[in-house]
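See structure below.
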Amino acid sequence: MTVTADLAMSLDGYIAGPHVTLDNPGGDGAEPLFAWIHNLASWRERQGMGGGEENRDSELMREWLDATGAVVMGRMMYDTGEEFWGDNPPFRTPVFVLTHRPRPTLVKEGGTTFTFVGDGIHSALRQAKAAAGDRNVDIAGGASTVRQYLEAGLVDELQLHVVPALLGDGLRLFGGLESGRRNLEVARVVDTPLATHLKYRFVK
């Protein structure tokens, strides 16, 4: 089992634009970060839609989706996505939501459940690992949640989809990391017209 974090990022290091709110979950000007995903066949399948492009980007997306057996996310990501995901969210796995406002587990269509965890990142990860079986656990976001797991040394692989866009402002993934230096090794580099897909493994 591998603990992963998989995020789209602008060339200047932003994973969301400024002014992220419940009504503006990607922040201002963040459309280029996610536009490359929307027409991929593998992504459309997860949204219950047909068609889409079958290309190397779609293969990488399908690989990640198929390998993920459980997801951890922060409450802000859940709150901004809840209405958009609707009754049949694309995760199709158990999702563990870090929160200071616990609520009963929600069971959705397609195999997605949302369990709200109020006792910290380690508890959420333990529950996610137990639920994932022999598949991976993905730390989905947002930036604060991913940083907490990075600082605790709990992420094994980091995959960044660097899109050819400069946002100039917004939410940085690596801003404010306080855990000191950690070494990584390059596991894979795939360059396509839509994004440069960089996979790193943390050296223990």
Springs between alpha-carbon atoms under 10 Å, Gaussian network over the chain: tell me which of L150, L33, L194 tops the mean-square fluctuations. L194
Among V117, V71, V20, which one moves the most in a GNM of the chain with springs linking Cα atoms closer than 10 Å? V20
Rounded to the nearest 500, what is the chain's calculated 222 nm mean residue ellipticity when only DSSP H runs of at least 4 contribute -39500 (n - 2.57) each, over all residues? -7500 deg cm²/dmol
Given a 1.4 Å probe and every protein chain left where it sits, what share in percent of the accessible area of the range 82-204 is carbon and sulfur? 51 percent
Antiparallel as a % of all DSSP beta bridges within the chain, to the nearest 5? 45 percent
Using θ = phi - 60° and the Karplus form 6.51 cos²θ - 1.76 cosθ + 1.60, what ³J(HN,Hα) does each residue of the range 160-165 get, whole Hz, x for Gly and Pro? 10, 9, 8, 8, x, 8
Skipping prolines and chain starts, which residues have an amide H placed within reach, meaning under 5 Å, of the one on A16, given they are 5 or more residues away or on another chain? L171
Once phi is turned into ³J(HN,Hα) by the Karplus curve 6.51 cos²θ - 1.76 cosθ + 1.60 with θ = phi - 60°, what whole-Hz value does each residue of the range 6-18 show in order, with x for glycine and proline? 9, 9, 7, 8, 6, 4, 9, x, 9, 10, 7, x, x
Non-local amide H neighbours of A165 (under 5 Å, H modeled in plane, Pro and chain starts lacking H): which ones? L11
Put W36, W85, W43 in order of accessible area, largest first, 1.4 Å probe: what do you get? W43, W85, W36
Roughly how many percent of the accessible protein surface of the range 17-58 is carbon and sulfur, given a 1.4 Å probe and a whole-percent answer? 54 percent
To the nearest µm²/s, what D does Stokes-Einstein give for the chain at 10 °C and 1.306 mPa s, using the Kirkwood radius over alpha carbon pairs as Rh? 92 µm²/s
Calculate, in nm to one decimal, what L106 and D23 gain on full extension: separation in residues at 0.36 nm each, minus their alpha carbon distance. 27.7 nm
Average accessible area per residue (Å²) across the chain - probe 1.4 Å, nucleic acids and ligands excluded: 49 Å²
Which of G110, V146, W85 sits farthest toward the positive end of the charge dipole of the chain, with +1 on the Cβ of Lys and Arg and -1 on the Cβ of Asp and Glu? V146
What is the spread of the Cα atoms of the range 13-79 along each of their three principal axes, largest first, in whole Å? 34, 26, 25
Extension gain, A67 back to D79 (0.36 nm per residue minus Cα-Cα distance, nm): 1.8 nm
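The values are calculated or read from the model by the stated rules, or taken from the named source; none is laboratory data. All values reported here derive from a predicted model rather than from experimental measurement. Ideal geometry is used to build each Cβ from the backbone, glycine not excepted, and the neighbour counts take in all protein chains shown. These area figures cover heavy atoms from the full protein model, side chains too; ligands, DNA and RNA do not enter into them. Shrake-Rupley method; radii C 1.70, N 1.55, O 1.52, S 1.80 Å.
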